[in-house]
Structure formats: structure tokens, C-alpha cells
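Taken together, the values in this text are just the output of simple stated rules run on the coordinates, not laboratory data. Since we're looking at a predicted model, the values are computed, not measured. As a convention, Cβ positions derive from the backbone with ideal geometry for all residues, glycine included, and neighbour counts pool all protein chains shown.
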Amino acid sequence: MEISKTFFVTGGAGFIGSAVVRHLIKDTTHKVINVDKLTYAGNLSSVADIVDSDRYHFEHADICDSIAMADLFKKHQPDVVMHLAAESHVDRSINGPGDFIQTNIVGTYTLLEAARTYWSSLATDKKTEFRFHHISTDEVYGDLHGTDELFTETTPYAPSSPYSASKAGSDHLVRAWLRTYGMPTVVTNCSNNYGPYHFPEKLIPLMILNALAGKPLPVYGDGKQVRDWLFVEDHARALVCVATQGEVGETYNIGGHNEKKNIEVVNTLCTLLEELAPNKPPGINQYTDLIRYVTDRPGHDLRYAIDASKIQRELGWVPEETFETGLRKTVKWYLENPSWWQAILDGSYQQAKKA
Ligand SMILES: NC(=O)c1ccc[n+]([C@@H]2O[C@H](COP(=O)([O-])OP(=O)(O)OC[C@H]3O[C@@H](n4cnc5c(N)ncnc54)[C@H](O)[C@@H]3O)[C@@H](O)[C@H]2O)c1
């Protein structure tokens, strides 16, 4: 029987964090403290399924607030920190990098210091078992130009955007807190996630919702940028596996073995929508007619692809979904849950948060 632990999940109201919270509550016996500032990307309706569990508790707090973080560590005495809170959208980081530096670098530093003060006060066995798991991205490695190269855990860092540079900085801080202070840390770097509860500014939900509304499907540049797609629930299982079984000081790359060009993703979505949502908006013959090529993102990385063999070999994790099964589930979820995304699109969710 698994011994139950208390997990302190930052960013648990976000896309990946909410999948981690739902997985921990539904599939394990662990307790969850969800610590989230509820920025535009945080949405508590993404955890509505599990909110009544007595193993779940929400704390509305900013990871940059050192006093709040110290209080929360003292109050909840976590065994494991899974740190996902971040500003996560590359385009927003290009238009305004300040929040990315603040939350991703200063916030990670603030959280590390609160964790270290708490960890230093623990008895020896609890201290040894404590884990600080930083959830990061494969974008820290920059991009690949060959067709068969893969990112491994030893690929040098070469971030291109303010977002990926801020995540690279936070990865370095986390590793330094192990090397310098001995606090037990692990890091994971993963590829592009997709799935239910994804904020509609990201490629896959944007394309689904624009297509359903008969709006243009904007594709950057020539659409030939390659991304390695990972179904978010596969990612959540991988993360909990690393947080509970990963070796201290190790890095694990997590990928879905699904390299696709952006334009292929958009075409596949259009094909799925033809089947699952055949009643198109007036004047639209085929969803693909809505595709529009737009000016490329500055500094746009060409190709990301992950070698995820270490996590498979050492921890036995493999993704359960193929791109085809995961994408079908995703499109169906958006078709069956309009209330979740309509509240975001019409602004009523933001107004409810301010109330
Ligand atoms: N989405 C991806 O494809 C992807 C890929 C690789 C790595 N990651 C990493 O995974 C993590 C989660 O990504 P996501 O896509 O779920 O992001 P998201 O933008 O959907 O969610 C981020 C969450 O963090 C919260 N948050 C932001 N600033 C905060 C602060 N200062 N204090 C407390 N909470 C704050 C937000 O309210 C939100 O709930 C991030 O660290 C991201 O860098 C994401």
C-alpha cells in the first residue's frame, strides 16, 4: 500500500497543473495543496471534478510572495513540491517579457528559498525523502535543424525566446539549490502538451475553436515548424512518477514520440472536425478553407524533438495515447464542454474572478 504524501502543487489551476491535481486526487491516495495566483491562465473550473475531495485544498497565493510561501509551507508541511506555476505563452513573452522574469525566475527563487527554510527544519528522514520537482520545457534546448537529431538530458541549453530563457534560468536555480544547499530536487523537460482544459490561446484549442466559429486558422510562416506532441494526461502520469520515484539530482525528458509539422496538426484537426462537427458555420465548405498563413513569430524555433528513453528505461513510463487517439479525445472534449471555453472567450470567467 502506497504511503500517502502531501503534495504542494504550484500552478494547479493551469492546463498541466490541473491535470496533475486531477490525477493525484482520482488515481492516488495523496493529498494536494493547489497553490495558484489565478492569473488569466488559471481556471478553477478545470479542477471542478475533484474539488469536493477532502484530500484537496486550494490556496490563492503568488509564488513571488515570500511571506505567503513561508506560511503555506509551515501550515501544510508538504512532502513533495511540484512546481508548475509559470507564465507559459511564448507570444506573450515576446510582447512583454517582464511577467516571465518575475514569475518564472524571481518566483522560482522565492519558492526555492521558502522550501529550503522549511526543508532545513525537518527531521532527518523527512528531509531525505523531501522532493522539489521543477516542471520545465524542452524549449530550453533551443531548436534542432537536422531531421533525426533529438534533445537528450545532456543537450546544452540554448533558449531562443524570453519564455524559454526564463525557464532555463529557473532550471539552473533549482539545480543550484541541490548542489549548494543539498535540497533534494529533480527536473523534467517536456515537449508541447495538448488535451482537455487547454487555454484557447495555444495552437490546438485556438484552431478547434476558430474553426467551429468559422474564423481564420492562422498558421505561422510556412507551417513547417516541427513539434513533438504529448497528451496532457500522459504528462501528468509521468510527472507524478518522477516526483515519487525519480532519482535526486536527475533530469528526465518527457515526450510523446509524436513529431508533427504545425500544418499537419492543423490539417488533422480539420479532418477530425469534418467527422465530429459536420455542421459548419454558414458559407464554409471545408474547414481547411479557413487556413491562413501569417507572418512568422520572431526567433521561431524550427524543430523540437525529444528522446524520452531515459524515463522509460529508468521509471517505466510510456505514453498511453498516440497523437491520433489523443487528438480525437481533445476535439471531442472541446465539443462536449462548450461551457468551459465559452466562459473564457466571452470574458465572464475573468469577471467572476474579480468579483
Ligand atoms: N503547455 C506546455 O506545452 C508546456 C510544455 C513544457 C513545459 N511546460 C511548463 O509546465 C508548466 C505548466 O504549464 P501550463 O501550460 O499548464 O501553464 P498555464 O499557463 O496553463 O498555467 C500556469 C498556472 O500558473 C499560475 N500562475 C502564474 N503565475 C503565478 C504566480 N506568480 N504564482 C502562483 N501561480 C501562478 C496561473 O494562474 C496558472 O494557473 C509551466 O511551468 C510551463 O513552463 C508547459
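Across the cross-link table entries 202/280; 215/280; 74/126; 167/224; 5/26, which are compared at the Cα atoms, the separations over 19 Å belong to 202/280; 167/224.
Dipole magnitude for the chain: computed about the Cα centre from +1 point charges on Lys and Arg Cβ and -1 point charges on Asp and Glu Cβ, it is near 580 debye. Computed from Cα atoms, the angle from the helix 232-245 axis to the main principal axis of the chain rounds to 20 degrees.
Restricting attention to the chain, close to 10% of DSSP beta bridges with both partner residues there are antiparallel. Using the rule -39500 (n - 2.57) for each DSSP H run of four or more residues, divided by the residues of the chain, the 222 nm mean residue ellipticity is -12500 deg cm²/dmol. Against the empirical curve 2.2 N^0.38 Å, the C-alpha radius of gyration of the stretch 236-301 lands at a ratio of 1.77. Hey, what angle do you get for helix 262-276 against the long axis of the chain, alpha-carbon based, 0 to 90 degrees rounded to 10? Between helix and principal axis, roughly 70 degrees.
Relative to the dominant Cα principal axis of the chain, helix 15-27 is inclined by about 60°. Out of every Cα-Cα pair that the stretch 264-345 contains, those further apart than 15 angstrom amount to 74 percent. For the stretch 168-177, backbone phi angles converted through the Karplus equation (6.51, -1.76, 1.60; θ = phi - 60°) give residue-by-residue couplings of 4, x, 5, 4, 4, 4, 4, 5, 5, 5 Hz, Gly and Pro being listed as x.
Residue-normalised convex hull volume from the C-alpha trace of the chain: 138 Å³ per residue. If the segment from residue 175 to residue 247 were pulled out straight at 0.36 nm per residue, it would be longer than the present Cα-Cα gap by 24.6 nm.
Applying a DSSP loop filter and a limit of 14 other Cβ atoms within 10 Å to the GluC sites (Glu not before Pro) in the stretch 1-90 leaves 2. Maximal additional length on extending the residue 54-residue 337 stretch stands at 99.3 nm, based on 0.36 nm per residue less the C-alpha distance.
Computed extension length for residue 147-residue 99: 13.9 nm, one decimal, from 0.36 nm per residue of separation with the Cα-Cα distance subtracted. Rounded to the nearest whole Hz, the Karplus-based 3J(HN,Hα) values (6.51 cos²θ - 1.76 cosθ + 1.60, θ = phi - 60°) of the stretch 65-72 follow the sequence 8, 5, 5, 4, 5, 4, 4, 5, with x at glycine and proline.
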